[in-house]
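Notes follow once the structure below has been shown.
Coordinate-derived values only; no laboratory data. All values derive from a computational prediction rather than experimental measurement. For neighbour counting, all protein chains shown are included, and Cβ atoms are generated from backbone atoms with ideal geometry for every residue, glycine included.
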Amino acid sequence: MSVAIRYQSRGGHVREMAEIIAEGVDVEPISIDDPRAPITKPVDILFIGGALYKFRLDPAMEEYLESIPEGMVTIAIVFGSSALTHRPIFLIQERLKAKGIDIHPMAMYMRGKPKPYLHEIGGPWAKREVAKIEKQIAEGTYGEKPEAPIVQMIRNHEKKKQEEAQKAKAQAEEASVSNEAGEADAKAEK
């Protein structure tokens, strides 16, 4: 199954997301500004990402999406970043749907700069999604049941880390109280 990664990034956030995805699928991420960016061979899965600039996609991204030849991409997995909203995901998906490209139900979105958690789970997520798509296509079940987007996975991962930190803090406080009680008992015995 052929996989490609294309992205457009002004501030570097989407580029970082593309690099994280590339770690998982072992494919070079290519900026849409690169001369190698045009899709000239059929691609089974295209990871494609961008961001919002003045509440819309950059004109270069709009032009790139329009330039994708019909029938050259089978499935697109969209990723993106913005300061306030998931809108870049929806805008890219909308343009690709209009070209007859199947949109994978999973998408990767980061509000602002990619969080440290994305480095832990982003690459493996991309790898799993490609494997799932391959398996589902082989079984004839692709697209039957969408799952929670990676945004939710990241929130769950972040929540788990916070809970672990709170538990460790509570254990440390409990140990401190026990230690103080032990010292008080030792002083009382003297």
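Given the options Gly50, Gly100, Gly71, name the one that is in contact with a Gly (Cβ under 7 Å, 6 or more places away or on another chain) and of a type in the set (Gly, Ala, Ser). Don't jump to the end; show me each part of the working.
Values: Gly100 fails: in contact with a Gly (Cβ under 7 Å, 6 or more places away or on another chain); Gly71 fails: in contact with a Gly (Cβ under 7 Å, 6 or more places away or on another chain).
Of Gly50, Gly100, Gly71, the one residue that is in contact with a Gly (Cβ under 7 Å, 6 or more places away or on another chain) and of a type in the set (Gly, Ala, Ser) is Gly50.
Taking region 112-127 only, how many residues are in contact (Cβ under 8 Å) with a residue 60 or more places away in the chain and either surrounded by 17 or more Cβ atoms within 10 Å (Cβ to Cβ) or part of a helix (DSSP H, G or I) (or both)? If you could, list the steps in order and put the result at the bottom.
Our first condition is that a residue be in contact (Cβ under 8 Å) with a residue 60 or more places away in the chain; within region 112-127, this holds for 112-114, 118-119, 122-127.
Filter once more, keeping what is either surrounded by 17 or more Cβ atoms within 10 Å (Cβ to Cβ) or part of a helix (DSSP H, G or I) (or both): 114, 118-119, 122-127.
Going through region 112-127 one residue at a time, the tally reaches 9.
Note on region 128-143: residues that are in a loop (DSSP other than H, G, I, E, B) and surrounded by 14 or more Cβ atoms within 10 Å (Cβ to Cβ) amount to 1. The set of residues in region 20-63 that are in contact with a strand residue (DSSP E or B) (Cβ under 6 Å, 6 or more places away or on another chain), over 21 Å from Lys97 (Cα atoms) and of a type in the set (D, E, K, R) contains only Arg36.
Of all the residues in region 81-104, those that are in a loop (DSSP other than H, G, I, E, B) and surrounded by 15 or more Cβ atoms within 10 Å (Cβ to Cβ) number 4.
Just wondering, is there one or more residues in region 8-21 that are assigned to a strand (DSSP E or B), surrounded by 18 or more Cβ atoms within 10 Å (Cβ to Cβ) and of a type in the set (S, T, N, Q)? No, every residue in region 8-21 fails to be assigned to a strand (DSSP E or B), surrounded by 18 or more Cβ atoms within 10 Å (Cβ to Cβ) and of a type in the set (S, T, N, Q).
Only residues that are over 26 Å from Ala131 (Cβ atoms) and small (Gly, Ala, Ser) were counted in region 32-55, giving 1. Of all residues in region 26-49, how many are surrounded by fewer than 20 Cβ atoms within 10 Å (Cβ to Cβ) and either acidic (Asp, Glu) or not in a strand (DSSP E or B) (or both)? The total comes to 14. Against the test of being farther than 18 Å from His119 by Cα and either in contact (Cβ under 8 Å) with a residue 40 or more places away in the chain or touching a His at 6+ places or on another chain (Cβ under 8 Å) (or both), the options Ala83, Ala4 yield a single qualifying residue, Ala4. For region 94-142, the set of residues classified as closer than 23 Å to Ser81 by Cβ and of a type in the set (Gly, Ala, Ser) consists of Ala98, Ala107, Gly112, Gly122, Gly123, Ala126, listed by residue number.
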